[in-house]
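The values are calculated or read from the model by the stated rules, or taken from the named source; none is laboratory data. Note that the structure is a prediction, hence the values are computed from the model and not measured. Ideal geometry is used to build each Cβ from the backbone, glycine not excepted, and the neighbour counts take in all protein chains shown. Quick note on the areas: whole protein, heavy atoms, side chains included, nothing else; ligands and nucleic acids left out. Shrake-Rupley method; radii C 1.70, N 1.55, O 1.52, S 1.80 Å.
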Amino acid sequence: MTATKKRLKIVAAISLLLLLLVYLYRMASFCPSGKAVLSVPGGEEVQAKWPPTESPLQRSLQMAYEEQSSLIREQKAELQRTREHLARLEEQVRSLQTSTPRKYPKVKYLNYKNRKRILITGGAGFVGSHLVDDLMVQGHEVIVVDNFFTGRKRNVEHWLGHENFELIHHDIVNPLFIEIDEIYHLASPASPPHYMYNPVKTIKTNTMGTINVLGLAKRVMAKVLIASTSEVYGDPTVHPQPETYWGHVNPIGPRACYDEGKRVSETLSYAYAKQEKVQVRVARIFNTYGPRMHMNDGRVVSNFILQALRNETITVYGNGKQTRSFQYVSDLVDGMIALMASNYTQPVNLGNPVEQTIGEFAEIIKQLVGGPSVIKQSKAMEDDPQRRKPDITRARQLLHWEPKVPLETGLQRTISYFRNELARSDRFQESSNKYFDTHTP
C-alpha cells in the first residue's frame, strides 16, 4: 500500500513537471522578444531571458525590437529631463518677475475720503486710455472694462499690476456688478469703418450697454458721464452747433447705427435721471485726435497721416470743402473730468471751435510729414456731414474749459506716434517672416 502511494506521487510529480515544461515551451514560442514575463512576490513583473531561437528571421526581429525599445527608453528619459529643466526655468522667471519691482508713472496719494473708485467702460481705447492716465495720476482707483473690439491692452499696459488699477475683459452689453463711485461710459466703436462693421452690435452697445451702465449707477448711487458725440447733430443745418440744436439725422442711413444709437443713449440717460434720480452728465464729443488712435480706424487724421508716412496718395473724399474742427485728446480729457466734477446736467459740447476744411487739413498733414505724397479727390461718402463746428459757450461759462493745444503741436505728437507704430509693425513683420521662412518644411 505504501509502495503504491509512492508510485502515485512520483507519477503526479512527473505529470506536473511535463505540464510545466509544455507551458514554458509555449510561452517561449509566442513571446516575440524571446523573453518570458514572470511574476514575483510584490506584484512586480520581471523579464526572464530565454536562449535565442535558431531561426535567423526571429533572431533579427528580436534584435530590432530590443534596439527600438532601448531607443524609446532613452527618448523618454531625455523628455523627462527637458520637462524638469523647463519647470526650473519657469520658476526662475516667476521669481525674477516677483522680485523685480515695476516702474509706474508717479501717482498722487489720496486718503480714503478723497479717493474714488472710478469705472471706465471702453477704457482700453483711444480716449479711454488717456482718461485712465489722468485719473490714475490724480490718485483714484480706476477699473477698466473693455471687450477689446477696438481697444488694445497695450494702451494701458503701463498700469498693469498697480494697486490702484484693475482691467476687466467684459462686454458691457452684458450686466456688470461692481461697487464704484463714478462711471465714464465710453464703450462704443466711434469710427465709421468700425461701427459700420457690425451695426447691430453698435446699436446694442449704445442702448443695452447704456441701460446696464445706468442700472449699475442707480444700484450703487454713482454719478455717470455718457460720452455722446457730435454725430447726434447729423448733417447740421445750424452752424455752429449749439447744444439746443436737435440735429438733422438720416435714421436709416449707413451711419444711423451710431448716430441714432448715441441719441437713444442720451434719451435713456435723462429718463433714468428723471425717473430714478441718477446723476448724469452728457458730453457731446467732436473730432478728436492724438497718440493711441487706431491706425486703421478710417478717420481723417489717421488716414492722412498714414498715407503721407507711406508716401501714398492722400485721399480726400468729396470736394475737400467740407469742414471739421479737431481737438487734441488731452484737451478732451480735461473737459470730461471738469464736466464730471460740475453740477451741470444738460449736454455740453466738447470740441475745438477752430474750423478747417478737409482740403486745408490734408495740406497741413502733407507739409508736417513731408515726402512726395500728392492729394487726390475721390467719391464722397454717403451721409458725410458738410460742416461741423461746436458752439462751446456752455463749456466756457460753466466749466471754464476750452482747447489749449495748438493744432500743429498736437499733429506733430500724433505723427511721431504713428511713425513709431509703423516702425514697430515693420520690425515684427520682418521678424515673423524670418522665423517662418527658416521653419517652413
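Take the eigenvalues of the Cα gyration tensor for region 263-345, scale each by 5, and report the square roots as semi-axes in whole Å, largest first. Don't skip to the answer; put the middle values down first.
Numbers: eigenvalues 246, 44, 24 Å².
Computed over region 263-345, the values are 35, 15, 11 Å.
Once the Cα atoms of helix 407-439 and of the chain are each reduced to a long axis, what angle between those two axes, in degrees from 0 to 90 to the nearest 10, is obtained?
Once rounded, one gets 20 degrees.
Give me the extension gain from residue 277 to residue 83: residue separation times 0.36 nm, minus the current Cα-Cα distance, reported in nm with one decimal. Intermediate results must be reported in sequence, preceding the final value.
Numbers: separation 194, 0.36 × 194 = 69.84 nm, distance 6.04 nm.
Taking 0.36 nm per residue and subtracting the Cα distance, the gain is 63.8 nm.
Can you run the Rg to Rh ratio on region 217-269? Use alpha carbon positions and the Kirkwood inverse-distance Rh.
1.07
Rounded to whole Hz and in sequence order, give me ³J(HN,Hα) for region 390-403 from the Karplus expression 6.51 cos²θ - 1.76 cosθ + 1.60, θ = phi - 60°, writing x for Gly and Pro.
Values per residue, Gly and Pro as x: x, 8, 9, 4, 4, 4, 5, 6, 8, 9, 6, 10, 7, x Hz.
How do 256-264, 243-251 rank on mean C-beta neighbours within 10 Å, highest first? Working shown, then result.
Numbers: 256-264: 22.6, 243-251: 14.1.
Going by the mean number of other Cβ atoms within 10 Å, highest first, we get 256-264, 243-251.
Evaluate 2.2 N^0.38 Å with N set to the residue count of region 209-325, then give the Cα radius of gyration divided by it.
Values: Rg = 17.5 Å, N = 117, 2.2 N^0.38 = 13.4 Å.
In units of the 2.2 N^0.38 Å rule of thumb, it is 1.30.
Go ahead and set up a Gaussian network model of the chain, Cα springs under 10 Å, then flag whichever of 85, 294, 130 fluctuates most.
Its mean-square fluctuation being the largest, the pick is 85.
What's the center-to-center distance, using Cα atoms, between region 176-241 and region 277-338 in Å?
17
Take every DSSP beta bridge whose two residues both sit in the chain, then give the antiparallel share in percent to the nearest 5. Provide the component values of the computation, followed by the final result.
Values: 7 of 42 bridges.
DSSP beta bridges in the chain are roughly 15 percent antiparallel.
Evaluated at 37 °C with a viscosity of 0.692 mPa s, what Stokes-Einstein diffusion coefficient in µm²/s does region 323-428 have when Rh comes from the Kirkwood expression over alpha-carbon pairs? If you can, show how the numbers build up before the last one.
Working: Rh = 16.2 Å.
Using the Kirkwood radius from Cα pairs, D works out to 202 µm²/s.
I'd like the orientation of helix 300-309 relative to the chain: the angle between its Cα long axis and the longest Cα principal axis, in ° from 0 to 90, rounded to 10.
Its long axis makes an angle of about 70 degrees.
For region 177-223, compute Rh as the Kirkwood radius over C-alpha pairs and then the Stokes-Einstein diffusion coefficient at 4 °C and 1.567 mPa s; write the answer in µm²/s, rounded to an integer. Before the final figure, lay out each step's value.
Values: Rh = 11.6 Å.
Estimated diffusion coefficient is 112 µm²/s.
Can you give me the orientation-averaged projected area of the convex hull built on the Cα atoms of the chain, in nm²? Walk me through the numbers on the way to the answer.
Values: hull surface 163.2 nm².
Seen from a random direction, the Cα hull of the chain projects 40.8 nm² on average.
At a threshold of 8 angstrom on Cα-Cα distance, excluding pairs fewer than six apart, so keeping six or more, what relative contact order does the chain reach in percent?
Values: 682 pairs, mean separation 50.4, N = 441.
So the answer I get is 11 percent.
What percentage of the solvent-accessible surface of the chain, computed with a 1.4 Å probe over protein heavy atoms, is contributed by carbon and sulfur atoms?
Working: 14370 of 25720 Å².
Whole-percent figure for carbon plus sulfur exposure: 56.
Would you mind checking 218/389; 108/277; 321/366 for any pair whose Cα atoms are more than 23 angstrom apart? Numbers along the way, then the final one.
On the way: 218/389 34 Å; 108/277 32 Å; 321/366 17 Å.
Long pairs (Cα-Cα over 23 Å): 218/389; 108/277.
Taking only protein heavy atoms into account and a 1.4 Å probe, give the accessible area per residue of the chain in Å².
Numbers: 25720 Å² over 441 residues.
Per-residue value: 58 Å².
With N denoting the number of residues in region 133-202, provide Rg(C-alpha) divided by 2.2 N^0.38 Å, to two decimal places. All intermediate terms of the calculation are to be shown ahead of the outcome.
Numbers: Rg = 13.5 Å, N = 70, 2.2 N^0.38 = 11.1 Å.
That ratio works out to 1.22.
Based solely on its DSSP helices, what 222 nm [θ] is calculated for the chain when runs of n ≥ 4 H residues each add -39,500 (n - 2.57) and the sum is averaged over all residues, nearest 500 deg cm²/dmol?
When only DSSP H runs of four or more count, the value is -16000 deg cm²/dmol.
Residue by residue through region 179-188, what is 3J(HN,Hα) from phi via Karplus (6.51 cos²θ - 1.76 cosθ + 1.60, θ = phi - 60°)? Round to whole Hz and write x for glycine and proline.
9, 9, 9, 9, 10, 9, 9, 10, 5, 3
Could you rank the peptides 279-292, 412-425 by their average count of other C-beta atoms within 10 Å per residue, with the highest value first? Walk me through the numbers on the way to the answer.
Working: 279-292: 21.9, 412-425: 14.9.
Taking the mean over residues of other Cβ atoms within 10 Å, the ranking is 279-292, 412-425.
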